[in-house]
Amino acid sequence: RNSSVTAISVHANIFRARNNADSPEPTTISTSSISVRNVSGLLFATESLVLQDVALNVSESSPSIATASGEMRVAGSTIRVADTSGSTLGIRAPVVHIENSTLLVSNFTSSGFGLLSGDRITMQGSMMVLEGIHSANAGSGIHATDGIKMVDSVVQANDCGSQSSGGLFAVRRDRPWTSPAFAFDAINSTIVTSGTSAAGQGGVLDAIAGVHLHRSVFMMSSTRSENGGCIYTDGDVKLDGNSELKCSNGTAVIMAAAALVRGSVNIESGSFAEISNCSARQVGGLIASTLNVEGQFWAAGVHSDEAGGAADIEDRKSV
């Protein structure tokens, strides 16, 4: 607390904390400044970890930025990460809360998970700016097994990608989905991406269940994946509260250059979805079981090489 730490050329965890079994209090680092360069380990806590009002700067390293086996909370903090690579874990815990914080990350390459990973990831009143983020596993920016939720937050991402699925966001797990209907939920938030790609499905987002935007904007450009150039989901997509979903210059190697939605797409009154300049081998734009439009749906410059055009809807009566 109220401390300043600088570390250079350290090849072990700088902080390793073991919580007292008789005390439920989390390990807390507060009102402090930490700068590290050429470090292969950073923070580790066996139970809960809190970073409160911390300025953390990491460069030229291959660190596990922060890990916990319980809950992790980053509040009122600024985390800057640049030029890191290797078997990094980024920020990892079963439950991760990012509150009123800023994450500025560039040139981050991981042979494992991406920047944030865990069961459930939430962002509240926070900003995340990503440039050149790449991971071997799904979701270079955020990977979760139980869901991603953003409230009053902003994400800007450029040149990010995954060698698996979900170029930026991924909600995937092996066991059946029993959580709430929406695996990805954005409320009063803005997400803008450019140049994001995945080797598998979902150039920007891959979700095991539904995708929900409420009073939110999700703009994706220059995306690429095998299926679902921008979005792939096994559930529904719902836009309400005057939300906007836009996919431009998307490419899918096989099908659905904009979105492949196994469920229904519901665009409620006042909300808007746009697909432009997208192409795929089959169906240049959207694939969905049903398309229900009370707001607006617009497509232009969308084409496919073999079959299908702007949209392939299983239940055509829904359009």
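The values are calculated or read from the model by the stated rules, or taken from the named source; none is laboratory data. Everything numeric in this text was worked out from a predicted model, so none of it was measured. Quick reminder, even Gly has a Cβ in these numbers, built from the backbone with ideal geometry, and neighbours come from all protein chains shown. Ligands, DNA and RNA are excluded from the accessible area calculation, which covers all protein heavy atoms including side chains. Shrake-Rupley method; radii C 1.70, N 1.55, O 1.52, S 1.80 Å.
General observations
- Computed FRET value (nearest 0.05) for GLU268 with MET219, which takes r as the C-beta separation and R₀ as 22 Å: 0.70
- Cα-based Rg of the range 190-319 normalised by 2.2 N^0.38 Å, two decimals: 0.90
- Farthest towards the positive end of the charge dipole of the chain, among the residues SER30, MET72, GLY167, is the Cα of SER30, using unit charges on the Cβ of Lys, Arg, Asp and Glu.
- Inter-label distance, nm, simple model (7 Å from Cα along the C-beta direction), VAL253/ASN38: 3.9
- Here the chain was treated as a single set of alpha-carbon atoms; its pair distances binned every 20 Å from 0 give 35, 52, 13, 0 percent.
- Of the residues ASP305, ASP53, ASP234, the one that moves most in a GNM of the chain with alpha-carbon contacts below 10 Å is ASP305.
- 3J(HN,Hα) from dihedral phi, the range 169-185, Karplus parametrisation 6.51/-1.76/1.60, rounded to Hz, x for glycine, proline: 10, 9, 10, 9, 7, 7, 7, x, 7, 10, 7, x, 4, 9, 7, 10, 10
- Taken about its Cα centre, the range 234-319 carries a charge dipole of about 120 debye when Lys and Arg each add +1 at the Cβ and Asp and Glu each add -1 at the Cβ.
- Here the chain is assigned +1 on the Cβ of each Lys and Arg and -1 on the Cβ of each Asp and Glu. Its dipole about the Cα centre then comes out at about 520 debye.
- Relative contact order computed over the chain (Cα-Cα under 8 Å; 6+ residues apart), in percent: 8
- Span from the the range 258-319 Cα centroid across to the the range 83-145 one, whole angstrom: 30
- Where the chain is the region considered: accessible area per residue in Å², 1.4 Å probe: 40
- Leading residue at positive end of dipole, the range 180-319 (Cβ point charges), from SER194, VAL211, ALA181: SER194
- Nearest-0.05 FRET efficiency for VAL192 and ASN107, computed from C-beta distance (R0 25 Å): 0.80
- Taken about its Cα centre, the range 167-244 carries a charge dipole of roughly 120 debye when the Cβ of each Lys and Arg holds +1 and the Cβ of each Asp and Glu holds -1.
- Fluctuation leader among GLY139, GLY263, GLY147 - the chain, Gaussian network, Cα springs under 10 angstrom: GLY263
- Carbon and sulfur %, accessible surface of the range 212-319 computed with the full protein complex present, 1.4 Å: 43
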